[in-house]
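Single-structure report; data block below.
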Amino acid sequence: MCMIARFQSHFVMWRASSSSHVKQSVLLAVILGVAVSVSAHAQGAKSSASGLLQRVEASESVAPAEAAPGDSVVLRLSIKPDRGIRVFAPGAKEYTPVVVLVSSSRGMHLGKPSYGIPVREENPGNGKRVPLYARTFDISYTARIDKEAKPETYIRVSGTLTYQACDDRRVYPTRTQLVHWTVKVVAPTEKDR
């Protein structure tokens with residue numbers, strides 16, 4: 001509501017100082033811009049902090065969700081490209097391949113990431129065959145809970161997903177989004193001791 005009031009006050013001041021033809025053109029552009037913005041919001045468009053469209057849906061999971069000190073867990077990030085979108089995979093030269101950088105976390109030791117198997121397809125623009133993900137794929141880290149981790153606590157792990165995507169006609173700019181996982185540390189069972 002505040003944005004509308006601000007727009008109205010600027011419009012009244014502008015109306016007094018501009019020619020009729022210019023006013024109509026600018027007003028039409030503003031109305032179209034608001035309509036597109038409202039339409040995208042109503043359709044649930046995913047946007048990043050910069051307001052630019054994210055072209056993938058990423059969901060985090062931990063298996064198992066609870067672990068005792070000394071146990072291993074898998075931190076998984078499932079990435080689903082939007083319809084018609086492909087994500088550059090590791091090995092795609094001249095483009096930014098998908099990568100998840102995970103910050104070190106107290107109470108946990110991370111292994112190396114494992115990636116799903118990509119397909120090789122032609123890239124729009126230059127026609128070269130590059131490794132791409134066209135369907136949902138996973139990036140997983142196996143992690144071991146420190147033996148000194150206290151039961152009934154939580155270990156929070158943060159990271160960033162960076163990727164570059166394309167469709168049949170164009171290559172899009174690189175995008176980055178935050179990801180995170182939480183693991184509950186539980187007491188070891190009698191069998192584990």
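The values are calculated or read from the model by the stated rules, or taken from the named source; none is laboratory data. As the structure is a computational prediction, the values presented were derived from the model and not from experiment. Here the Cβ is made from the backbone with ideal geometry for all residues, glycine too, and neighbour counts use every protein chain on show. With ligands, DNA and RNA removed, areas are computed over all heavy atoms of the protein, side chains included. Shrake-Rupley method; radii C 1.70, N 1.55, O 1.52, S 1.80 Å.
Here are the numbers for the structure shown:
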| read-out | value |
| --- | --- |
| Residues satisfying the stated conditions in region 84-97, i.e. open to solvent by 50 Å² or more (accessible area, probe 1.4 Å) and either touching a Ser or Thr at 6+ places or on another chain (Cβ under 8 Å) or under 14 Å from Phe137 (Cα atoms) (or both) | Pro90 |
| Long-range neighbours under 6 Å by Cβ, at least six apart or interchain, first residue hydroxyl-bearing (Ser, Thr, Tyr) within region 54-74, second at pLDDT 95 or above | Ser59/Ser78; Ser61/Arg76; Ser72/Thr142; Ser72/Arg144 |
| From Tyr141, Tyr115, Tyr95, Tyr154, residue being more than 30 Å from Val185 (Cβ to Cβ) and among the aromatic types (Phe, Trp, Tyr) | Tyr95 |
| Failed item in (1) within 20 Å of Arg170 (Cβ to Cβ); (2) open to solvent by less than 50 Å² (accessible area, probe 1.4 Å), with Ser78 passing the rest | (1) |
| Residues located in region 165-193, provided they are under 24 Å from Ser61 (Cβ atoms) and touching a Pro at 6+ places or on another chain (Cβ under 8 Å) | Ala165, Val185, Val186, Ala187, Pro188 |
| Search result, residues across region 126-151 that are among the hydroxyl-bearing types (Ser, Thr, Tyr) and over 13 Å from Ser61 (Cα atoms) | Tyr133, Thr136 |
| Filter result (under 17 Å from the mean Cα position of the chain (by Cα) and open to solvent by 60 Å² or more (accessible area, probe 1.4 Å)) within region 60-72 | Glu60 |
| Tally of residues being of a type in the set (Val, Ile, Thr), open to solvent by 40 Å² or more (accessible area, probe 1.4 Å) and part of a loop (DSSP other than H, G, I, E, B) across region 168-189 | 2 |
